[in-house]
Amino acid sequence: MDKRYKVQVKDLHKSYGSNEVLQGIDLNVAPSEVVCMIGPSGSGKSTFLRCLNRLEVPNGGHVYVDGYDIADPKVNINKVRENIGMVFQHFNLFPNMSVLDNITLAPVQLGKATKAEAEEEALRYLDLVGLKEKANVNPQTLSGGQKQRVAIARALAMKPDVMLFDEPTSALDPEMVGDVLGVMKQLAKQGMTMIVVTHEMGFAKQVADRVVFFHDGKIREQGTPEEIFDHPQHPDTRNFLDKVLNV
Amino acid sequence: MRRISWKKIFASWLAALAIAVGWLLVEPQSVSAAEPTYTIATNNTFEPFEIQDSKGGYSGKNPGIEIEMLREIAKHEHFKYKLKPMSFNGDLQALEGGQVDAVMAGMSVTDERKQKFDFSVPYYTDGVEMAVAKDSNIKSLKQLKGKTVSAKSGTSAALFLKKNQKKYGYKVKYFDSSNTMWNDVKIGNTAATFDDGPVLEYGIKTGVPLKVVTKKPIDAQPVAIGFQKGKNLAMQKKINDGIRWMKKTGRMQKIIDKYTKGNKTAKSATADRTILGLLRANREALLRGLWMTVELTVVGIICAMIFGLILGVLGITQNKFAQAVSSVIIYIFRGLPMIVLAFFIYMGVPNVIGHKVPLFVAGVITLMLDEGAYIGAIVKGGFEAVDPGQWEAARSLGLPYHKALTKVIAPQGLKIMVPSLVNQFIMTLKDTSILSAIGVMELTETGTVIISQNMEGFKMWLIIGTIYIIIITLLTWLSNYIQKRMA
Ligand SMILES: Nc1ncnc2c1ncn2[C@@H]1O[C@H](COP(=O)(O)OP(=O)(O)OP(=O)(O)O)[C@@H](O)[C@H]1O
Ligand SMILES: [Mg+2]
């Protein structure tokens, strides 16, 4: 394990029955780096991301986050997860509590802050994502873009070192996408380490330090946005970009 | 993930169960050294042997031949007794199971019963008699060819009818209680009925419009108190001495005459037989029964809810063993008819633990296991119906399994299951009536007892049914109100 990296993945394997979805992935992510992952549907992007915080249990290999091997059964996975924020395609806000309580639940329950401190913090994060006035509403009354921004605020409230995003804008109406991407750009600028699965090539070009192309459970090609988008080396990459950029 | 120790939770649950069972074992039995107390099973009402008053007790002026006899014997022989009124079948099972020390229920001494039980000195002779409607001209068995006759199933009258069916060529219809059977003769469905002589004569004396046509009882048999075979010989001796003393001093005959001759015990024919009148006359008994039903329902639902939550939570863990335990328990107790479960707990379990299970406790445990299994399935289904994304979001924030469950999943799951739970609560209320089988004096059993005294089956069941509908309506309103508040 190398101390220079926030996230280090070594020879990661994951199968569902006989379907080997991840076939040996190696990836290092430096602090403050923004990595965007692109690739065709079913290539294993979500599965990879979910292996990073053990929502899926890997079948082989190692995942080090902040120096802990999450595959090690002696590691307290709850402690590691506190440092990894995750944002889902379908937001997964808790409908049984207000926006504010969604954000304060984890910090309060895990003893990170008192209720009052957590609420003050939560309002700061809501302000950051531009939704301060929605603190006391039920999340079910929000639009998709607002929900996703609350979800980001909820993840940030645990003050994570790394943020994982799994297609955060795919379930949104086009006019909402900009708001969410705007918040993510801001986070990147502030130095957050981010791994983002996305179909938003514009965002990847503009924000990513590195773009990783997934294909059939393997990393086919990776590099700077210019390298991947302007000078793709692998025919699979070219093929994929042709399809997504020329629709 | 979900690395909480489910074995630990399961172990603590087992411990709680063990404590509950232990409490049953040490539940105190008041035994006074000077005056022993005997537990004696008897009938709710089996006129003229046992006649319950409107409160379900025997403290009235005419409690029945056997009750009056026992009262005098106990005083003379210096012992105390506790009566357990049940159905006759329940009496026999309780004696076999050791729930009671003796059965005093107008029990005929038959060869078959003698093999299982010891009997006291007989104090009465009981035989089958035949009765027909008042205006019928049937006078003998020979006139019954092709006609329908009736008897209570399992009685000596039923045995007699079966034995002689070929000879006289009648059809036999079986009943469970005398009053419905007699009513069937009254309205002309059956031509004649065969019943215990004293029961029949007492009924006629108090207003049942039938007449006895047999000259003397058929198959006369002695009536005596039954004991557990070869056990408690001191008690057997006291009771036998008492009966001999009663007979010798003429006290026994005096009691028998009181109930079978003259008009001393006749019920007033002028009693108000309208529904309002019946309500007024039985107000106290009905309220007592209703209260018992409500008490059983509330305590039963609370226990079943706790049990069901445990089953549901075990059912959704990722621990295969816990899941299997939950599924098997749900499968068994949903599959078992509740009446079998009630008999098993009240009559069967005491054989194993060597200790009586109090009636109310047996009722609550039955409800807890049976309704709890259904609630367990509802809880499991409700939790599983919550979007798995909710688990993932909660766990990825670092919340441990139990916090994710209690703060995020359970509140949403409970909301999903509220309609099914309300339905199950209503079922629980209705199912308490099944506990009448083991003699719990709830609303239904109260109704049975009242009807055995006043023969007003139609009106009384109408009253009882209406009471159930009213409390179910109240419960439904309450739950609708709560659901609205929750939404
Ligand atoms: N729980 C599961 N059980 C079985 N197979 C699964 C499971 N989750 C994912 N898969 C399979 O793993 C493969 C990779 O899925 P994954 O969701 O990682 O793809 P993806 O790259 O995220 O695709 P998309 O862009 O459509 O989200 C697919 O073939 C999928 O069918
Ligand atoms: Mg995906």
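We did not get these values from a lab; they are worked out from the coordinates using the rules stated. Small disclaimer: the values here were computed from a predicted structure and weren't measured. Every residue, glycine among them, receives a Cβ derived from its backbone with ideal geometry; neighbour counts consider all protein chains shown.
Tabulated data for the structure shown
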read-out	value
Most mobile listed residue (A:Val196, A:Val108, A:Val65) in chain A, GNM with C-alpha springs under 10 Å	A:Val108
Computed FRET value (nearest 0.05) for B:Ile426 with B:Val340, which takes r as the C-beta separation and R₀ as 30 Å	0.85
Proximal lysines to A:Lys134, defined as alpha-carbon separation beneath 16 angstrom and excluding residues fewer than eight positions away on the same chain	A:Lys147
Backbone N under 17 Å from the A:Asp161 label point (7 Å along Cα→Cβ), restricted to segment A:4-27	A:4-10, A:27
Spin-label model distance (nm) - B:Thr466 vs B:Asp176, 7 Å beyond Cα toward Cβ	2.4 nm
Total charge dipole magnitude, segment A:6-75, about the Cα centre, Cβ charges on Lys, Arg, Asp, Glu only, Debye to nearest 20	160 debye
Which of A:Phe213, B:Phe343 has the fewest Cβ neighbours within 10 Å, and the rest in rising order	B:Phe343, A:Phe213
Over 21 Å (Cα to Cα) - which of B:Lys61/B:Lys205; A:Lys132/A:Lys205; A:Lys132/B:Lys403 fall in this group	A:Lys132/A:Lys205; A:Lys132/B:Lys403
Between helix B:251-260 and chain B: long-axis angle, C-alpha atoms, 0 to 90°, nearest 10	80 degrees
Descending principal axes extents, segment A:28-113, alpha-carbon based, whole Å	37, 33, 27
Of A:His231, A:His199, A:His62, the one that fluctuates the most in a GNM where chain A has Cα springs shorter than 10 Å	A:His231
Cβ-Cβ FRET estimate between B:Lys229 and B:Glu35, R0 fixed at 22 Å, reported to 0.05	0.30
J(HN,Hα) series, segment A:158-170, from Karplus relation 6.51 cos²θ - 1.76 cosθ + 1.60, nearest Hz, glycine and proline x	8, 6, x, 8, 10, 10, 10, 10, 10, 6, x, 10, 5
Nearest 10 degrees, 0 to 90: helix B:443-454 Cα axis against chain B principal axis	10 degrees
Solvent-free Debye scattering, log10 I(q)/I(0), computed from the Cα coordinates of chain A at q = 0.11 Å⁻¹	-0.59
Rel. contact order, % - alpha carbon contacts under 8 angstrom, at least six apart, chain B	18 percent
Relative contact order (%) - segment A:1-145, alpha-carbon pairs under 8 angstrom, separation at least six	19 percent
Helix B:88-97 axis, angle to chain B major axis (alpha carbon atoms, nearest 10°)	70 degrees
Residue of A:Leu22, A:Leu131, A:Leu156 that the Gaussian network model of chain A assigns the largest fluctuation, springs spanning Cα pairs under 10 Å	A:Leu131
Dipole of the protein assembly as shown, positive end: most advanced residue of B:Phe307, A:Met158, B:Ser178 [Cβ charges, Cα centre]	B:Ser178
Calculated SAXS-style log₁₀ I(q)/I(0) at q = 0.14, 0.18, 0.21 Å⁻¹ - segment A:1-64, Debye, Cα scatterers	-0.40, -0.65, -0.86
Segment B:177-261 - percent relative contact order, Cα under 8 Å, separation 6 or more	25 percent
Net lengthening on full extension, B:Tyr168/B:Glu384 (0.36 nm per residue, minus Cα-Cα)	71.2 nm
Inverse of mean 1/r across different Cα pairs in the protein assembly as shown, Kirkwood, Å	32.1 Å
Where labels lie 7 Å past Cα in the beta-carbon direction, separation of B:Asp241 and B:Asn480 in nm	6.7 nm
Charge tally in the Cβ shell below 14 Å around B:Gly376, where Lys, Arg are +1 and Asp, Glu are -1, B:Gly376 excluded	-1
B:Asn319-B:Lys415 FRET efficiency (beta carbon distance; Förster radius 22 Å; 0.05 resolution)	0.30
Label-point separation, B:Ser140 to A:Glu117 (7 Å along Cα→Cβ), nm	10.4 nm
Gain in span if fully extended, A:Gln140 to A:His231, counting 0.36 nm per residue against the direct Cα distance	28.4 nm
Residue pairs, from the table B:Lys147/B:Lys173; A:Lys79/B:Lys407; B:Lys116/B:Lys166; B:Lys80/B:Lys114; B:Lys147/B:Lys186, whose Cα atoms sit over 20 Å apart	B:Lys116/B:Lys166; B:Lys80/B:Lys114
Spherically averaged projected area in nm², based on the convex hull that wraps the Cα atoms of segment B:369-453	6.7 nm²
Lys, Arg +1 and Asp, Glu -1 on Cβ, resulting dipole of the protein assembly as shown about Cα centre, debye, nearest 20	3780 debye
Selected from A:Asn78, A:Ile195, B:Pro209, residue furthest toward positive end of dipole (the protein assembly as shown; charges at beta carbon)	B:Pro209
Mean ellipticity per residue at 222 nm, deg cm²/dmol - from DSSP H runs of n ≥ 4 across chain A, formula -39500 (n - 2.57)	-10500 deg cm²/dmol
Compactness of chain B - radius of gyration and Dmax, Cα, Å	27.0, 90
